[in-house]
Amino acid sequence: MMGCLPFFSVETWILLLTFICFFVIYSNRPYGIFEKLGIPGPKPYIYWGTVGRHHKVYYEDDVQSAKKYGKVWGTYEFRTPVLAVTDPEMLKTILVKECFTYFTNRRNFHLNGELYDAVSIAEDDEWRRIRNILTPSFTSGRIKEMFSVMKNISGKLTASMRSKAHNNEVIAVKDIFGPYSIDVMASCAFSLDVDSINNPSSPIIDHASKLFRFPVPVLILQGFFPILLPLFERLGVTMFSKTSTDFFKNVLEKIREERSGSSNPGDVLQNMINSQTKGNDSYSHKPNHKRLTDHEILSQAIMFMFAGYETSTTTLVFLAYNLATNPEVMKRLQEEIDSTFPDKGAVRYEALMQMEYLDCVVNESLRLYPPAARLDRIAKETVKICGITIQKDMVVMIPVYALQRDPELWPEPEEFRPDRFSKQNKQSIKPYAYMPFGVGPRNCLGMRFAQVMVKLALVDILQNYSFSVCEETEIPLEMDYKGFVGPLNPIKLKLETR
């Protein structure tokens with residue numbers, strides 16, 4: 001037996017055995033915490049934790065875990081303990097009542113590159129300051145001012161679809177809605193006329209798609225060895241594409257140079273620049289107010305552009321799919337559109353916002369396919385909520401995708417039924433059971449903006465066209481396991497002229 005082993009000195013064997021012991025002990029150290037707290041959940045594997053235990057798609061795994069363990073369970077993202085919560089009463093406390101006391105901050109992987117001070121990543125007082133400065137750019141009044149810009153781009157979108165419908169083409173839906181979303185974001189945020197609808201090879205589309213495709217090896221490595229995170233940061237390792245952030249940084253710098261000393265538009269970028277001006281009436285009255293730095297403006301601009309592109313595009317893609325696979329819903333929605341805007345009349349902001357069935361359809365699609373499958377918060381201190389102890393620095397994860405498919409909260413959750421959100425039925429929806437944009441002080445800042453641009457595009461298209469399934473349409477969808485909620489393969493549909 002001994003003869004089969006490599007010949008090492010005693011010292012080498014001791015070092016090797018010590019390393020193996022350390023390797024195993026280090027891996028298992030965080031495991032067992034939920035067992036001690038009496039919280040159910042799957043048993044972790046060494047280093048891998050419970051990742052993909054029930055399904056390779058992480059948000060489908062959440063659905064299966066909720067069925068098996070209930071409304072609260074413990075999971076391990078590699079070596080990181082994560083408490084999953086779908087209990088509405090606990091969510092109310094975590095996301096709203098105790099937000100500022102215990103759960104102000106989101107999880108921070110610290111590999112954020114240039115985006116370390118984006119509003120979605122910033123913490124505590126810095127987050128409050130940045131959020132307060134950005135909020136006036138997304139009021140109903142501001143969005144209404146942007147509506148004419150959105151309307152112009154939506155008109156280009158419907159015009160570009162004419163030949164596809166006429167030629168009976170099969171369309172990859174994201175190829176239509178991606179350019180629309182990026183054009184709206186660029187025009188409303190920076191008064192930048194990209195016109196990627198008519199120039200789909202524009203590099204901005206490519207970079208927008210890449211930014212939130214997180215590198216899997218980096219995710220796994222930081223999960224295995226979080227102790228190495230400071231080293232990764234010093235080496236410039238980042239979760240976000242450096243090529244894409246550098247590209248957009250150059251674009252923004254050029255825009256700011258062109259605006260220097262000239263009359264400027266009232267877009268989102270200009271509102272941020274105005275916050276730097278001493279004596280600006282909108283900001284200077286606030287005590288101890290610190291204005292945005294140039295780098296903070298850069299970070300907010302990049303995050304707004306690319307996060308807005310990805311989430312709005314995904315929402316529109318799933319809306320088209322749900323309508324094509326539920327033609328009776330699409331017909332009823334088109335009837336509401338035709339009665340609101342007779343003879344294919346121009347879409348008006350006030351009337352659009354009053355459309356009840358349109359709101360139901362959008363809400364139901366977001367219930368089934370929320371762009372962000374999970375939300376999370378970090379506990380600042382150990383706290384007990386509804387009898388559950390949440391330890392200091394623990395990640396609390398809200399599996400939105402699973403929450404919004406909970407059969408106890410949503411009867412027949414897999415069915416696409418917009419009437420769940422009708423005036424008659426809306427009151428029966430349990431509070432904190434629906435949060436595609438999050439809830440509480442850290443909800444999505446651009447929620448109203450996204451809803452307007454999505455509704456406008458949908459109405460303009462359905463005035464003129466109908467979606468239908470074809471041989472290339474995948475039913476049911478196979479979901480992507482990376483990034484936001486989305487299909488693994490492009491959704492393909494046909495357009496029919498009305």
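Key figures for this structure:
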read-out	value
Given (1) in contact (Cβ under 8 Å) with a residue 40 or more places away in the chain; (2) assigned to a helix (DSSP H, G or I); (3) under 20 Å from the mean Cα position of the chain (by Cα), index of the condition residue 151 fails	(3)
Residue 125, sole failed condition from (1) touching a helix residue (DSSP H, G or I) at 6+ places or on another chain (Cβ under 9 Å); (2) under 29 Å from residue 305 (Cα atoms); (3) charged (D, E, K, R)	(1)
Hits in segment 376-387 - residues which are crowded, with 17+ Cβ neighbours inside 10 Å and of a type outside the set (D, E, K, R)	378, 379, 383, 385
Single residue of segment 407-460 satisfying the filter (of a type in the set (Gly, Ala, Ser) and buried (at least 20 other Cβ atoms within 10 Å of the Cβ)) that is farthest from residue 348 (Cα to Cα)	446
Among (1) without any contact (Cβ under 8 Å) to a residue 40 or more places away in the chain; (2) on the phi < 0 side of the Ramachandran plot - the single one residue 76 does not satisfy	(1)
Some residue of segment 443-456 being modelled with pLDDT of 95 or more, touching an Asp or Glu at 6+ places or on another chain (Cβ under 9 Å) and either more than 27 Å from residue 327 (Cα to Cα) or not in a loop (DSSP other than H, G, I, E, B) (or both)	yes
Where a residue in segment 110-132 is at positive phi and in a helix (DSSP H, G or I) and its partner, wherever it lies, is of a type outside the set (Phe, Trp, Tyr) and at pLDDT 95 or above, with Cβ under 7 Å and at least six apart	124/104; 124/105
Qualifying positions in segment 225-276 - crowded, with 18+ Cβ neighbours inside 10 Å, under 27 Å from residue 290 (Cβ atoms) and among the hydroxyl-bearing types (Ser, Thr, Tyr)	238, 245, 275
Pairs with Cβ under 6 Å, 6+ apart, first in segment 197-219 and more than 15 Å from residue 174 (Cα to Cα), second charged (D, E, K, R)	212/310
Helices (runs of 4 or more DSSP H) fully within segment 1-73 counting 2 or more residues that are of a type in the set (Ser, Thr, Tyr) and within 30 Å of residue 487 (Cα to Cα)	58-69
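The values are calculated or read from the model by the stated rules, or taken from the named source; none is laboratory data. Just so it is clear, the model here is predicted, and its values are computed rather than measured. Because the Cβ atoms are built from the backbone with ideal geometry, glycine has one as well, and the counts that use them run over all protein chains shown.
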